[in-house]
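What follows is one structure encoded as structure tokens, with my remarks underneath.
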Amino acid sequence: MAAFTPLVSVVVPSRDRPALLKRAVAAVLGQDYPGEIECVVVFDQSPPRLPEGVTVPPGRSLRAVGNQRTPGLAGARNTGITVTRGQLVAHCDDDDEWLPGKLSAQVSDLASAPGSSVVTAGIITVSGRRERTRVTPYRHIAHDMLLRSRIMEAHSSTLIVRREAYDRVGLLAEDIPGGYGEDYDWLLRASADAPLVVTQRPLVRVAMHPGSYFSGQYRTIVEANRYLVRRHPDLADDRRGMARIYGRLAIAEAGLGHRKEAFGYAVRSLRLQPNQLRAFVAVAISAGVITLDRASRIANAHGRGL
């Protein structure tokens, strides 16, 4: 049987981070995958300009386009999906870095799971000089698992998707407030269609830094989490999943200085899951015990997000 090595289209959304973008693109084009790779950088709210000095090997292509849809991550990702032609669509954020062998390993795993349309992998979170390896122990990720937990390892930069899955599941939602959580919303829809395959190796270095796009955008985070609950009513069926979301809402309200709302969400979170850490963090922030910036830095240093 011939090896499964179709054209892979890699979508890299970017905005004003040329040095990081150059590193991301070089790692994509340098993959040892035997098939062709089409890398498209989608510039969001900035003029398309590829980084200088990037080598494009044989069997690889690189081009830049502007975001042709709604400004933000979802519109940029959707632009990349619609202007590319690969049978498989992979994603990489411009501040992340694929490790050698990523494409070959994941395409092989996806080929061995014809009933699935998405493959993810393990990650290495990077915060300053701290690195932590995170690999889920599960060979597959089912819908109920994603209701319970965001599963950080299923990061957008790990994903490879069969193109036809977008016909069934749809593109990323461009109406999510600020584009926050657009990847989680799509994963919930995709996992309802079929379980995700997991390549149980760390294959992407994921940046955890205070310069992340949503740092400080607490109102957006509140509105986006409320959107997710409305769009996915089955979230309410999982106590831990709702406790996590209420915890996120509590922290965001604390960041806005809304003590009453923060305490309210924290209480709702703890009623569902008494050990939900985000609820305790939100109370501590509201009480002035710790600043949100400090709490975020501690979480990032341990390879986690708030």
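For the reader, a short list of remarks on this structure follows.
Table: residues versus (1) closer than 24 Å to L103 by Cβ; (2) touching a residue at least 40 places away in the same chain (Cβ under 8 Å); (3) assigned to a loop (DSSP other than H, G, I, E, B).
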residue	(1), (2), (3)
P57	yes, no, yes
T70	no, yes, yes
G75	no, yes, no
G80	yes, yes, no
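- Screening the range 183-221 for residues that are over 16 Å from H140 (Cα atoms) and at pLDDT 95 or above and picking the one that is farthest from the chain's Cα centre (by Cα) gives L203.
- Counted as qualifying within the range 136-246 are the helices (runs of 4 or more DSSP H) with 2 or more residues that are more than 28 Å from T84 (Cβ to Cβ), namely 143-148, 218-231.
- Test: residue in the range 244-257 that is without any contact (Cβ under 8 Å) to a residue 24 or more places away in the chain and over 17 Å from the mean Cα position of the chain (by Cα): yes
- Hey, R23 in contact with a strand residue (DSSP E or B) (Cβ under 8 Å, 6 or more places away or on another chain) and basic (K, R) or not: yes
- Residue check, R60 under 27 Å from D238 (Cβ atoms), out of contact with any Pro (no Cβ under 9 Å at 6 or more places or on another chain), open to solvent by 20 Å² or more (accessible area, probe 1.4 Å) and not acidic (D, E): no
- Restricting the range 273-285 to residues that are out of contact with any Asp or Glu (no Cβ under 8 Å at 6 or more places or on another chain) and outside any loop (DSSP other than H, G, I, E, B), the residue that is least open to solvent (accessible area, probe 1.4 Å) is A279.
- Restricting attention to the range 146-193, the residues that are farther than 22 Å from S9 by Cα, surrounded by fewer than 18 Cβ atoms within 10 Å (Cβ to Cβ) and of a type in the set (A, V, I, L, M) add up to 2.
- Taking each residue of the range 27-53 that is open to solvent by 10 Å² or more (accessible area, probe 1.4 Å) and looking for partners that are part of a loop (DSSP other than H, G, I, E, B) and among the acidic types (D, E) with beta-carbon atoms closer than 6 Å, six or more apart or interchain, yields S46/D16.
- For the residues P177, P202, the requirement of being under 19 Å from L73 (Cα atoms) and touching a Ser or Thr at 6+ places or on another chain (Cβ under 9 Å) singles out P177.
- Residue among G86, G80 that alone is under 24 Å from A27 (Cβ atoms), open to solvent by less than 40 Å² (accessible area, probe 1.4 Å) and touching an Asp or Glu at 6+ places or on another chain (Cβ under 8 Å): G86
- Filter result (closer than 22 Å to W186 by Cα and either open to solvent by 60 Å² or more (accessible area, probe 1.4 Å) or part of a loop (DSSP other than H, G, I, E, B) (or both)) within the range 106-130: A113, P114, G115, S116, S117
- Considering (1) over 14 Å from Y180 (Cβ atoms); (2) without any contact (Cβ under 8 Å) to a residue 24 or more places away in the chain; (3) open to solvent by 40 Å² or more (accessible area, probe 1.4 Å), the lone condition that R205 does not fulfil carries the number (2).
The values are calculated or read from the model by the stated rules, or taken from the named source; none is laboratory data. The model shown is predicted, which means the values in this text are computed figures rather than measured ones. Glycine gets a Cβ as well: all are built from the backbone with ideal geometry, and neighbour counts include every protein chain shown. SASA here: full protein model, heavy atoms, side chains in, ligands and nucleic acids out. Shrake-Rupley method; radii C 1.70, N 1.55, O 1.52, S 1.80 Å.
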